[in-house]
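One structure is given below, encoded as structure tokens.
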Amino acid sequence: MTFPFKLVATDLDGTLLRGDETVSDRTREALVAATSAGAAHIVVTGRSVPWTRHILDDLGYDGLAVCGQGAQVYHAGEHKLLTSLTLDRQLAGLALSKVEAEVGPLALAASRDGLEGEVLVGPGYQVHEGRLPYVFVEDASEMWAAPLNKVYLQHPELDDDALATAARAAVGNLVDVVMAGPGVVEILPLGLSKATGLSLAARRLGVKAADTIAFGDMPNDIPMFGWARHGVAMANAHDTLKAVAHEITASNEHDGIAVVLEELLRTGSVAATPH
């Protein structure tokens, strides 16, 4: 049976990774089977390269990865950054002042550019506990001293959706704002998305959008679903992503990626699944 896609694009958190940041044996085997059938696998994540590299190494992954919400195309096998787009810090500062004028003071973090780019965390910013390294800075102005890929926002009262909506309205066309996960609202360069990074990586592989199946769970995956031929939302996905998905699979804890890939490998065709 012929596998119907040449490219499998998977988000990491909430999609490929389980809550403990591992990938199940079943999902690993399904991805190996898909690549053996001729498809490339690309990880497409909001995480910057330094926060992604250890996971790719653990997977034995040596292909391309799209990191930083599309800002970085990274060659995992060569540990090399192929492309990287930075955020205009002057525009970002202006955008932040507009957001704070609407909603009040924000807690900030920022992701520095580069293979070893640190994530700097300012006063009041709540960091998810785990293996991801960061550097606390007492003076938030230190964040702006070197090139950045993105800035993270948190508000003491507004939830993620409300903050993203308010920020988007306040910044106009200065920058883009995306909600990428629980407690993760980001300011990005205008026009940047997972779709722009994925299209660059796919072009390097000689693969088109029409050849691509994409898996995700958060609003930042919406552009990737718009670009790919077939978008699959996890059962645990945000409602806005489910609304634009072609198909909804099991959760990241229950091998949702494997469920779909196994069926594609068995039948060679995509089921027409209603929203």
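A few comments on the model shown:
- Burial ranking of peptide ranges 3-16, 159-172, 110-123 (average Cβ count within 10 Å, highest at the top): 3-16, 110-123, 159-172
- All C-alpha to C-alpha distances of the stretch 30-123, sorted into 5 Å bins beginning at zero, yield P(r) values of 3, 12, 19, 19, 15, 11, 8, 6, 5, 2, 1 percent in whole numbers.
- P(r) weight above 20 Å for the stretch 41-179, C-alpha pairs, percent: 49
- Computed over the stretch 1-114: relative contact order in percent, which uses C-alpha pairs under 8 Å that are six or more apart: 18
- Pairwise inverse Cα distances across the stretch 99-248, averaged and inverted, put the Kirkwood hydrodynamic radius at 16.7 Å.
- Heavy-atom accessible area per residue - the stretch 61-181, 1.4 Å, Å²: 47
- Kirkwood Rh (inverse of mean 1/r, distinct Cα pairs), the stretch 129-178, angstrom: 13.3
- Inter-probe distance in nm under a simple model that places probes 7 Å from Cα toward Cβ, at residue 190 and residue 254: 4.4
- With only Cα atoms counted, the chain has Rg and Dmax values of 18.2, 59 Å.
- Alpha carbon centroid spacing (whole Å) that separates the stretch 13-40 from the stretch 203-275: 13
- Evaluated at q = 0.14, 0.16, 0.23, 0.32 Å⁻¹, the base-10 log of the normalised Debye intensity for the stretch 61-113, with identical point scatterers placed on the Cα atoms, takes the values -0.52, -0.61, -0.87, -1.19.
- Rounded to the nearest 500, the 222 nm mean residue ellipticity of the chain from helices alone is -9000 deg cm²/dmol, with -39,500 (n - 2.57) taken per DSSP H run of at least 4 residues.
- At q = 0.25, 0.33 Å⁻¹, base-10 log of I(q)/I(0) for the stretch 1-47 (Debye sum, equal scatterers on each alpha carbon): -0.94, -1.21
- Taking 7 Å steps out from each Cα toward its Cβ at residue 141 and residue 205 produces label points 4.5 nm apart.
- Once backbone amide H atoms are built at 1.01 Å from N, residue 15 has no partners under 5 Å, excluding neighbours fewer than 5 places away on the same chain.
- Phi angles of the stretch 75-87 translate, via the Karplus equation with coefficients 6.51, -1.76, 1.60 and θ = phi - 60°, into HN-Hα couplings of 9, 5, x, 9, 6, 10, 8, 8, 9, 8, 10, 9, 8 Hz per residue; Gly and Pro are given as x.
- For the stretch 96-149, the fraction of alpha-carbon pairs in successive 10 Å shells from zero, as %: 23, 50, 24, 2
- Apportionment of accessible area to carbon and sulfur, the chain, percent (1.4 Å): 53
- Kirkwood estimate for the stretch 168-275, i.e. one over the average of 1/r between Cα atoms, Å: 14.8
- Taking N as its residue count, the alpha carbon Rg of the stretch 149-210 over 2.2 N^0.38 Å: 1.34
The values are calculated or read from the model by the stated rules, or taken from the named source; none is laboratory data. Source: prediction; values computed, not measured. FYI the Cβ positions are ideal-geometry reconstructions off the backbone, even for glycines, and counts take in every protein chain you see. Heavy atoms of the whole protein, side chains included, go into the accessibility calculation; ligands, DNA and RNA do not. Shrake-Rupley method; radii C 1.70, N 1.55, O 1.52, S 1.80 Å.
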